[in-house]
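The values are calculated or read from the model by the stated rules, or taken from the named source; none is laboratory data. Computed from a prediction, not measured in an experiment: that's the story for all the values here. So basically every Cβ, Gly included, is an ideal-geometry build from the backbone, and we count neighbours across all protein chains shown. Quick note on the areas: whole protein, heavy atoms, side chains included, nothing else; ligands and nucleic acids left out. Shrake-Rupley method; radii C 1.70, N 1.55, O 1.52, S 1.80 Å.
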Amino acid sequence: MAAAPGRQRPAPLLLWALLLGAVLAVDRSNFKTCEQSSFCRRQRNLQPGRSPYRALLESLQLGPGAATLQLVNEATKVPLLLELSGLRENTTRIRIRELHPLRPRFEVPDVLLGEPQPEPLTVTGREEGSLELALGPGGHRLLLTAKPFRMDLLRGRQLLASINARGLLVFEHLRPRPGSFSDKVSSSLGSLWDKLRSLFYSDPPKEPAEEEAAAEGQEGGEGTENADSQSEKPAEEAAEEPGSWEETFKTHTDSKPNGPTSVGLDFSLPGFEHVYGIPEHADNLRLRTTEGGDPYRLYNLDVFQYELYNPMALYGSVPLLLAHSARSTLGLFWLNAAETWVDISSNTAGKTMFGKLLDYMQGGGETPQTDVRWMSESGIIDVFLLLGPTPAAVAGQYAALTGTQALPPLFALGYHQSRWNYNDEEDVAAVERGFEEHAIPCDVLWLDIEHADGKRYFTWDPSKFPQPRAMLERLAAKKRKMVSIVDPHIKVDSAYRVHSELRARGFYVKTKDGGDYEGWCWPGSAAYPDFTNPEMRAWWASMFAYDQYEGSTENLFTWNDMNEPSVFSGPEVTMHKDAVHHGGWEHRDLHNLYGFYVQMATAEGQIKRSGGRQRPFVLSRAFFAGSQRYGAVWTGDNAAEWEHLKISIPMCLSFGLAGLSFCGADVGGFFKNPEPELLVRWYQAGAFQPFFRAHAHLDTVRREPWLFGEENAALIRAALRHRYALLPFWYTAFYRCHRHGLPVMRPLWMEYPEDTTTFAMDDQYLIDRALLVHPVTEQGARGVQVYLPGKGEVWYDVASHQKHHAPQTLYVPVTMSSIPVYQRGGTVVPRQDRVRRSTESMKGDPFTLYVALSPQGTAEGDLFLDDGQSFDYATAARYLHRRFTFAGNTLTASSADPRGSFETPAWVERVVILGAGKPAAVVLRPAAGPETRLDFQHDAETSVLTLRKPGVPIGADWAIILR
Ligand code: NOJ
């Protein structure tokens, strides 16, 4: 393939624009609109109406757990197979495939943890033209209507979702190319083909009316109405439209050897006005309706200078949408890895609160309803309805299918210092010295693409990084780590071992003509390893062995960038859809999975190099459902603008809702130079987001934390220290997420599902359930409005310890040092307050427990502790999970999980009780031994009781009694 010059280093003009801080925007013409994507256009032309599909109720078969049934498109007569299963955990799976596909269609592998276990299904009712199925033990019923085909899912008498109620089921069946030999054969054989086919396969029995109509070559009865009542041609009939068998975008032609193959389906969600999820988009947390604009697009793309508040695709895709109301929550997980568009419409969109109220009072108000329509370019329809009913239950249901967030090594929750690029070993040493000299904690220094020899990953530039091992050892001596970038585009250079091996083993993605697929990326001409091939992944993983990746050591971890994959010379800056992968699958079928596999193989490599003992750390830009099992993700190339700081919150929240809890945004903004105020605010916000890394473009001015004067350095230092002090809390939150799938950073409505005030909030969130964060993201801010949720609850300002009653919206005056954070009354937050240079130096440090009392004088919290790096917590139960409970004036420490044990010298050096009265005495009662009196101090003004030096081991059981 000819390599066209692509995006390389910014031209001088662009550099000037960067330096002058001009507003830069995406070149939209590089990316398709729905109208320019032929399958999206075809499907969208199909308006809601009567579906041409009919369910053949007599074909129902009840298997062990799944029910199958045939559907037939009355216009094309092509039969489909519908498979329904009720799964454990209140989940229903619906699959629709072609009954007799011309060729196999792609079904997404490796994303689900395993084959979900179905529950027995029973038929609970039958009537003419419909039947009712009971789905597993959750009390859910599915009403299936034959003509037109639709399904309604109920819990008790509540209708949860209707499927194909708007008649937008589309299944473009595989067919011979018009004019091809097989097409000629099939058309000349005409109906004989149908006859033959019905001899070999058990085609649905035709009803008399249908036989008649078929003989006349037209639709009979209602079928005629069908076609007419659709305001546009059915997508399948429109299949021969331009773009069906070949599609050109800009200079690229997609050869589409299989023709039109798209699938689509609509879901109506009565009672829901708020939907979320389907990352990645640079948009508000609450999804907007897409009428009159483009649908949300899911197609992993490297979008240069992405724009905010629009539905364009970005680097990653998780086809999980959540719907939430004060009554219940549900999820739709559309398991398809091809290019996908999601349309959202609502019957209340555009209506004001007053309008809705008026409707209601006049009795004419409809139930609010959101309609969601999924459209994918290929594959099958495979969708999971996660029926909640609570937000936490939906998170658990999704986690049961795709897994939970990998437990990060503790260092990865510390602060990461990156830029494109740290130039050489001296530069790395100087930056590290900067952290020491300014007493700012930092765990990891990052090396971007310039560190490698001519962008040949797994190598080091011999003049800039001649002694990588010595450099890494120097870092290790300071208990710090390094991350180097390893991108999936491989320089085509026969002298480069990685390339020659990949080529010799036939491990590259192929062109449609069978050659190695090549495109243009950072190294110039590059080829792309086929990460969908398990053998190739094993080989890639073996490259991380210390003797393969020369100069690497165990404190070197990995960054996978450009893994959408980014192909500067390709259509929409990515791979041609007709490129061919392992098993003969087209890139079209699995595009959104490529980055998922890159991160999977890299994480495997790190695990292998340690003999299976150590937890990996891999940051990936592209992702799919399930990527949470392999590491962290970030929001890509943002910019040093206030709006980009703001959007980092809803973007990471929606990542979290989709299972990806380990999310961050480039602190400071990637493009452009942040003014000091923005940089400081970004550090303050980033310190309270899960993945905390500063990163910057090659052409930006240096911006290590101490370069903006002592005052700003002090502000940044304070934010970083706050982060480090809270690491035990972060780590415990990640452990909980790893065990149960609840996002670490979560929207308020996950904890307060009935509080409608929280449903569209983008500027504040919770970490786990205990801390509410409302970072300052406004330039020149003098105050922020903080909403404190929870009827009858109280919240404590973490800085002043002042107590506030909820619910209320609080005006909080701010200065440059303010980070509005509140601890929820009723929780215990463990901290390690000693200032250290990195997480590893904090090992064994004593803990302070912050006990924030509820109005009832109670509190509860926990602490997870292990070696912070190995799998021993899972394989050998080497961990401590402690529980702290305050009730009846007694704080009790006990085990939250007696299976674990872990040796640690750490002890409790202080207990701070917020909202406490002054006791006459405080007594420590250890599990064994005599009671002792504790020193304490009480601040009457703030009601803070500080207990000094309880001195008990963190792993011990004890009670502290306030008398
Ligand atoms: C694009 C990434 O998003 C960015 O973070 C990185 O610095 C550049 N590639 C260079 O590797």
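Here are the criteria: (1) away from the ligand (no atom under 16 Å from the Cβ); (2) in a loop (DSSP other than H, G, I, E, B); (3) under 22 Å from the mean Cα position of the chain (by Cα). Tell me which single one GLY636 does not satisfy.
(1)
Residue check: is MET575 on the phi < 0 side of the Ramachandran plot, open to solvent by 10 Å² or more (accessible area, probe 1.4 Å) and either away from the ligand (no atom under 16 Å from the Cβ) or touching a Gly at 6+ places or on another chain (Cβ under 8 Å) (or both)? Spell out how you get there, then give the answer.
On the way: on the phi < 0 side of the Ramachandran plot: yes; open to solvent by 10 Å² or more (accessible area, probe 1.4 Å): no; either away from the ligand (no atom under 16 Å from the Cβ) or touching a Gly at 6+ places or on another chain (Cβ under 8 Å) (or both): yes.
Taking the combined requirement at face value, the residue does not satisfy it.
Residues LEU401, LEU472, LEU445, LEU410: which one is touching a Leu at 6+ places or on another chain (Cβ under 9 Å) and within 30 Å of ASN90 (Cα to Cα)? Break it down stepwise before answering.
On the way: LEU472 fails: within 30 Å of ASN90 (Cα to Cα); LEU445 fails: within 30 Å of ASN90 (Cα to Cα); LEU410 fails: within 30 Å of ASN90 (Cα to Cα).
Matching residue, one of LEU401, LEU472, LEU445, LEU410: LEU401.
Is it the case that GLN599 is more than 16 Å from the ligand (Cβ to nearest atom), polar (S, T, N, Q) and not in a loop (DSSP other than H, G, I, E, B)?
Working: more than 16 Å from the ligand (Cβ to nearest atom): no; polar (S, T, N, Q): yes; not in a loop (DSSP other than H, G, I, E, B): yes.
No.
So if I check each of GLY626, GLY656, GLY709, which one is more than 15 Å from the ligand (Cβ to nearest atom), among the small types (Gly, Ala, Ser) and either open to solvent by 10 Å² or more (accessible area, probe 1.4 Å) or farther than 23 Å from ILE767 by Cα (or both)?
Details: GLY626 fails: either open to solvent by 10 Å² or more (accessible area, probe 1.4 Å) or farther than 23 Å from ILE767 by Cα (or both); GLY656 fails: either open to solvent by 10 Å² or more (accessible area, probe 1.4 Å) or farther than 23 Å from ILE767 by Cα (or both).
Result of the check over GLY626, GLY656, GLY709: GLY709.
If you go through region 436-453, how many residues are in contact with a helix residue (DSSP H, G or I) (Cβ under 9 Å, 6 or more places away or on another chain) and either in a loop (DSSP other than H, G, I, E, B) or away from the ligand (no atom under 16 Å from the Cβ) (or both)?
Initial filter on region 436-453 (in contact with a helix residue (DSSP H, G or I) (Cβ under 9 Å, 6 or more places away or on another chain)): 438-445, 447, 451.
From what's left, either in a loop (DSSP other than H, G, I, E, B) or away from the ligand (no atom under 16 Å from the Cβ) (or both): 438-443.
Residues meeting the conditions: 6.
State whether one or more residues within region 554-567 are in contact (Cβ under 8 Å) with a residue 12 or more places away in the chain, within 16 Å of the ligand (Cβ to nearest atom), of a type in the set (Gly, Ala, Ser) and open to solvent by less than 20 Å² (accessible area, probe 1.4 Å).
So the first thing to find is which residues in region 554-567 are in contact (Cβ under 8 Å) with a residue 12 or more places away in the chain, and the list is 554-567.
Checking the rest, the ones that are also within 16 Å of the ligand (Cβ to nearest atom) come to 557-567.
Then keep just the ones that are of a type in the set (Gly, Ala, Ser); that gives 566.
Applying the additional criterion that residues be open to solvent by less than 20 Å² (accessible area, probe 1.4 Å) yields 566.
Yes, the conditions are met somewhere in region 554-567.
Please go through region 736-761 and give me each residue that is open to solvent by 10 Å² or more (accessible area, probe 1.4 Å) and under 29 Å from VAL444 (Cβ atoms), ordered by number. Spell out the reasoning first.
As a first pass, look at region 736-761 and keep what is open to solvent by 10 Å² or more (accessible area, probe 1.4 Å): 736, 738-742, 750-757, 760-761.
Across region 736-761, the qualifying residues are ARG736, HIS738, ARG739, HIS740, GLY741, LEU742.
Is it the case that GLY686 is open to solvent by 10 Å² or more (accessible area, probe 1.4 Å), under 20 Å from the mean Cα position of the chain (by Cα) and modelled with pLDDT of 95 or more?
Working: open to solvent by 10 Å² or more (accessible area, probe 1.4 Å): no; under 20 Å from the mean Cα position of the chain (by Cα): yes; modelled with pLDDT of 95 or more: yes.
It is false that GLY686 is open to solvent by 10 Å² or more (accessible area, probe 1.4 Å), under 20 Å from the mean Cα position of the chain (by Cα) and modelled with pLDDT of 95 or more.
Pick from ARG419, ARG456, ARG433: which is of a type in the set (Lys, Arg), within 16 Å of the ligand (Cβ to nearest atom) and either more than 32 Å from the chain's Cα centre (by Cα) or crowded, with 24+ Cβ neighbours inside 10 Å (or both)?
Checking each option against the conditions leaves just ARG419.
I'm told ALA400 meets every condition in (1) within 29 Å of the chain's Cα centre (by Cα); (2) assigned to a loop (DSSP other than H, G, I, E, B) except one. Can you identify the failing condition by its number?
If we test ALA400 against (1) within 29 Å of the chain's Cα centre (by Cα); (2) assigned to a loop (DSSP other than H, G, I, E, B), just (2) comes out false.
If you take the residues of region 692-701 that are closer than 19 Å to SER484 by Cα and part of a loop (DSSP other than H, G, I, E, B), which of them is nearest to the chain's Cα centre (by Cα)?
Within region 692-701, the subset closer than 19 Å to SER484 by Cα is 692-698.
So of that shortlist, the ones also part of a loop (DSSP other than H, G, I, E, B) come out as 695-698.
Working: HIS695: 21, ALA696: 23, HIS697: 24, LEU698: 27 Å.
Residue satisfying both the conditions and the ranking: HIS695.
Please identify the pairs in which a residue from region 644-672 that is over 24 Å from GLN599 (Cα atoms) and without any contact (Cβ under 8 Å) to a residue 24 or more places away in the chain has its Cβ atom under 8 Å from the Cβ atom of a residue that is open to solvent by less than 10 Å² (accessible area, probe 1.4 Å) and part of a strand (DSSP E or B), counting only partners at least 6 apart or on another chain.
Qualifying pairs under 8 Å: none.
Condition (residue is under 28 Å from the mean Cα position of the chain (by Cα), in a loop (DSSP other than H, G, I, E, B), within 26 Å of PHE691 (Cβ to Cβ) and hydrophobic (A, V, I, L, M, F, W, C)) applied to region 509-528: is it met by at least one residue?
Within region 509-528, one or more residues are under 28 Å from the mean Cα position of the chain (by Cα), in a loop (DSSP other than H, G, I, E, B), within 26 Å of PHE691 (Cβ to Cβ) and hydrophobic (A, V, I, L, M, F, W, C).
From the list ARG609, ARG613, ARG621, which residue is farther than 23 Å from LEU447 by Cα and of a type outside the set (Gly, Ala, Ser)? Lay out the reasoning, then the answer.
Details: ARG609 fails: farther than 23 Å from LEU447 by Cα; ARG621 fails: farther than 23 Å from LEU447 by Cα.
Exactly one residue qualifies, and that residue is ARG613.
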